[in-house]
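Notes follow once the structure below has been shown.
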Amino acid sequence: MTATGTDTPVTTASNEPTAASEPVGSARSERLSALGQQHGALAVLVIVVLAASFGLDSFATGDNIANMATSSAFLAIVALGMTFVIITGGIDLSVGSLFALGGVLAAWGARHGSLLALLLPLVVCGAVGLVNGLLVARSRLAPFIVTLAAMLGARGLLLALTDEGADTYLIGKGTFLAHLGQGTTLGLGNPVWITLALFVAGAVVLRRTRFGQHVYAVGGNEDAAALMGAPVARTKILVYTMSGVLAGLAGALNAAWLASGVTILGNGMELDAISAVVIGGTLLTGGLGYLSGSLVGVLLLKVIQNVINQIGSLDSSYQQVVSGAFLAVVVIAQTWLGRRRQLM
Amino acid sequence: MAEATLHTAPLDKARLLQWLQTYGVYAGVALLLVVNTVITPHFLSAENFRTQAVQVAPVIIVALGMALVIGTEGVDLSVGAVMALAASVTALYLGYGLLPALLVVALFAAGAGLANGALVALVGVQPIVATLALMVGGRGLALVLLPQLKDLHNPGLASLGSGDIAGIPYLILIAAALALLIAFVVRRTTFGRRLLAIGDSRPAAQLAGLPVRRVLIVVYVLSALLAAVAGVLATARLQASDPTSLGNLMELSAITAVVVGGTPLSGGRVNIGGTVAGAVLIQLLTATLIKHDLPPSWTQIAQAIVIVCAVYAARGRGKR
């Protein structure tokens, strides 16, 4: 449907037929729909944060906010890669396993210096992502089944590395890696700053580079993109590799934060990341998406989790119910908004 | 696109590939049986076969529903969560007797399937996302209803889990009966025809006047009901309700069984015999590796490789 980078051309194109009959009204509701799709999550986030700040004494404290920011950072990095993949119309289910694998590799490598500890997870997880990309782009296999296999394979590799999950490698205090994960700058944890830097870089790449335009074009209409001369296969391979590298990096930073490579982490993380991206207004059909939205989606999930944890009477399983219900509401709203835009 | 032009040249290779797609899974099962007979001690005992069959029965039942959903070009990620939901609801209502409890389970499952089906058929959400919501929320709900493992003491449930007729456990009989029933539905009923037509091309089915929405909703309800049956049977075998871990990764096992069995993810074809064989293949593979003391990590890696190979082999048929 959308073969172009931004959604403005679509707006004008779909406006033309109705422009003669009812120009002002349809243009306005059209813009409202687009606005709802892009910023609906932000509005909900603001409401939830305001309600939580008034309702809970312990919510709007500096400690709690800094804590939430740091724990959001890791999911946000994973969601960043996931956003790129989803905009190309794909999906990456392997990120949870790669997150755990990255953490274990970082902790394992930390015994031989911080440089290896950082490089090893990036290279190995990037390689898994590269294989995903090759299978999706060159062999034309369905992304969800390829990355599903990678999810199993990476988890298996992780277990093989840790003597079936019995060994936990620790990261020593005072190393560069430990500082990267646990240190703070201007009151916020270093992972938060790294995440913000990555998102800025990601937004520039997505909006201002040829590669970013190709990502949107491939997701909008693959055949059209190929006909226009966009390197479809290369774009897809790059996107899956990126997702792998980012998942590995998030895992490494998380291990540095926890000071150990915990093997059981990352279960179900792919679902959280996909939920965050979808809540943020990125369409799973590809071709349309916002990095800022994904960040908002991650924050929304984490704030809901935080609020539910703080209301002592509520079991933490409620969080899953709320997340699931919220996801359902978002996709219904998105589909409805999308259909309105198509009709107009 | 490029494949279409290359298509005509090696006819024998194409025929071989097609044969492999349809019968490869049976050949794989046969190969594993032969290999195990030679290398695994005590493999040919009735006890071993019964254990393997009882373990694979829930996977087969879930995979049957998954095969139907995949036949409509969809996917149902919520089956594991529905199993957990069935387990906790069984535990909650078992006090009223086994039959009322099963009725309530069926009601819950139908509700879950209806939610999935409505999202997919009426709202028009992609199946992955629609069922993802229930996958996240369903397990949460199961845990809210029953926060931790609970032992169940009910003679009816116990006999369902461990009883047998002429040495064949109920679990296996139920799985076999359901497989036959679903195969019959796919091959011989109007509903089955409609399901495949929708999977082949939804717009065409719509234009032909088929009740697309109704069929889709029924398919998702069936998938949820079958998952609930698997959940109840697994609970009966355990003699305990375990909503935390019951059905974890079941969606992966079921999808693997369906795909390995030669049902293309692009819809329009359902291979029930292959699906059952696919579940058996994965079970035998896992059992072989475990019996030879290979760690679970290798089992997972092997499973990953099998999935990729199966999808790769099925690839030519999916694209048209």
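The values are calculated or read from the model by the stated rules, or taken from the named source; none is laboratory data. Quantities reported herein were computed from a predicted structural model and do not represent experimental measurements. Note that we place each Cβ from the backbone using ideal geometry, even for glycine, and neighbour counts take in every protein chain shown.
Worth pointing out:
- For the stretch B:114-130, the count of residues that are within 24 Å of B:Ser241 (Cβ to Cβ) and surrounded by fewer than 24 Cβ atoms within 10 Å (Cβ to Cβ) is at least one.
- Checklist (1) within 18 Å of B:Leu173 (Cα to Cα); (2) free of Cβ contacts under 8 Å to residues at least 12 places away in the same chain applied to B:Pro58, failing item: (2)
- Condition met for A:Ile86 (in a helix (DSSP H, G or I), closer than 30 Å to A:Gln213 by Cα, aliphatic (A, V, I, L, M) and within 14 Å of another protein chain (Cβ to nearest Cβ)): yes
- Looking across A:Leu119, A:Leu130, one residue alone is surrounded by fewer than 24 Cβ atoms within 10 Å (Cβ to Cβ), more than 8 Å from chain B (Cβ to nearest Cβ) and in contact (Cβ under 8 Å) with a residue 60 or more places away in the chain. It is A:Leu130.
- Residue in the stretch B:181-191 that is buried (at least 19 other Cβ atoms within 10 Å of the Cβ) and within 14 Å of chain A (Cβ to nearest Cβ) present: no
- For the condition modelled with pLDDT of 85 or more and under 21 Å from B:Leu195 (Cα atoms), B:Ala236 does not qualify.
- Residue pairs whose Cβ atoms lie under 6 Å apart, separated by 6 or more positions or on different chains, with the first residue in the stretch B:305-320 and at the interface with another protein chain (Cβ under 7 Å from one of its Cβ atoms) and under 19 Å from B:Leu252 (Cα atoms) and the second surrounded by 21 or more Cβ atoms within 10 Å (Cβ to Cβ) and at pLDDT 55 or above, are B:Ile307/A:Ala149; B:Ile307/B:Thr256; B:Val308/A:Ala149; B:Val311/A:Leu141; B:Val311/A:Ile145; B:Val311/B:Val259.
- Hey, A:Val124 at pLDDT 90 or above and either within 11 Å of chain B (Cβ to nearest Cβ) or in contact with a Cys (Cβ under 9 Å, 6 or more places away or on another chain) (or both) or not: no
Conditions tested, residue by residue: (1) part of a helix (DSSP H, G or I); (2) basic (Lys, Arg); (3) touching a helix residue (DSSP H, G or I) at 6+ places or on another chain (Cβ under 6 Å); (4) in contact (Cβ under 8 Å) with a residue 24 or more places away in the chain.
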site: A:Leu35; (1), (2), (3), (4): yes, no, no, no
site: A:Ala41; (1), (2), (3), (4): yes, no, yes, yes
site: A:Val44; (1), (2), (3), (4): yes, no, no, yes
site: A:Ile47; (1), (2), (3), (4): yes, no, no, no
site: A:Leu50; (1), (2), (3), (4): yes, no, no, no
site: A:Met68; (1), (2), (3), (4): yes, no, yes, yes
site: A:Ile77; (1), (2), (3), (4): yes, no, yes, yes
site: A:Met82; (1), (2), (3), (4): yes, no, yes, yes
site: A:Leu93; (1), (2), (3), (4): no, no, yes, yes
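- All conditions in (1) modelled with pLDDT under 90; (2) closer than 22 Å to B:Ala130 by Cβ; (3) surrounded by fewer than 20 Cβ atoms within 10 Å (Cβ to Cβ) hold for B:Val218, with the sole exception of (1).
- Filtered by the rule that a residue be among the basic types (Lys, Arg) and crowded, with 18+ Cβ neighbours inside 10 Å, the stretch B:133-158 gives a lone residue, B:Arg139.
- For B:Val221, the conditions (1) away from chain A (no Cβ under 14 Å); (2) closer than 30 Å to A:Asp163 by Cα are fulfilled apart from (2).
- Every residue from the stretch A:269-292 that is part of a helix (DSSP H, G or I) and within 20 Å of A:Leu93 (Cα to Cα): A:Met269, A:Glu270, A:Leu271, A:Asp272, A:Ala273, A:Ile274, A:Ser275, A:Ala276, A:Val277, A:Val278, A:Ile279, A:Leu291
- Only one of A:Ala250, A:Ala217 that is within 18 Å of A:Gly102 (Cα to Cα), out of contact with any Asp or Glu (no Cβ under 7 Å at 6 or more places or on another chain) and among the hydrophobic types (A, V, I, L, M, F, W, C): A:Ala250
- Flag for A:Val95 being surrounded by 24 or more Cβ atoms within 10 Å (Cβ to Cβ), more than 14 Å from every other protein chain (Cβ to nearest Cβ) and out of contact with any Leu (no Cβ under 7 Å at 6 or more places or on another chain): yes
- Odd one out for A:Ile237, checked against (1) within 13 Å of chain B (Cβ to nearest Cβ); (2) surrounded by fewer than 24 Cβ atoms within 10 Å (Cβ to Cβ); (3) under 21 Å from the mean Cα position of the chain (by Cα): (1)
- Checking B:Gly161, B:Gly209 one by one, the residue that is at pLDDT below 90, more than 14 Å from B:Ala84 (Cα to Cα) and crowded, with 19+ Cβ neighbours inside 10 Å is B:Gly161 and no other.
- Among the residues of the stretch A:246-282, the one identified as surrounded by fewer than 24 Cβ atoms within 10 Å (Cβ to Cβ), within 11 Å of chain B (Cβ to nearest Cβ) and among the aliphatic types (A, V, I, L, M) is A:Leu271.
- Those residues of the stretch B:162-174 which are in a helix (DSSP H, G or I) and either free of Cβ contacts under 8 Å to residues at least 24 places away in the same chain or under 19 Å from the mean Cα position of the chain (by Cα) (or both), in sequence order: B:Tyr170, B:Leu171, B:Ile172, B:Leu173, B:Ile174
- Which listed residue is away from chain A (no Cβ under 14 Å), hydroxyl-bearing (Ser, Thr, Tyr), closer than 30 Å to A:Leu157 by Cα and buried (at least 18 other Cβ atoms within 10 Å of the Cβ), from B:Thr299, B:Thr288, B:Thr263, B:Thr235: B:Thr288
Residue by residue, here is whether (1) in a helix (DSSP H, G or I); (2) surrounded by fewer than 21 Cβ atoms within 10 Å (Cβ to Cβ); (3) more than 10 Å from chain B (Cβ to nearest Cβ); (4) modelled with pLDDT of 75 or more holds:
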{"position": "A:Leu141", "(1), (2), (3), (4)": "no, no, no, yes"}
{"position": "A:Thr147", "(1), (2), (3), (4)": "yes, no, yes, yes"}
{"position": "A:Ala160", "(1), (2), (3), (4)": "yes, yes, no, yes"}
{"position": "A:Lys173", "(1), (2), (3), (4)": "no, yes, yes, no"}
{"position": "A:Ala178", "(1), (2), (3), (4)": "yes, yes, yes, yes"}
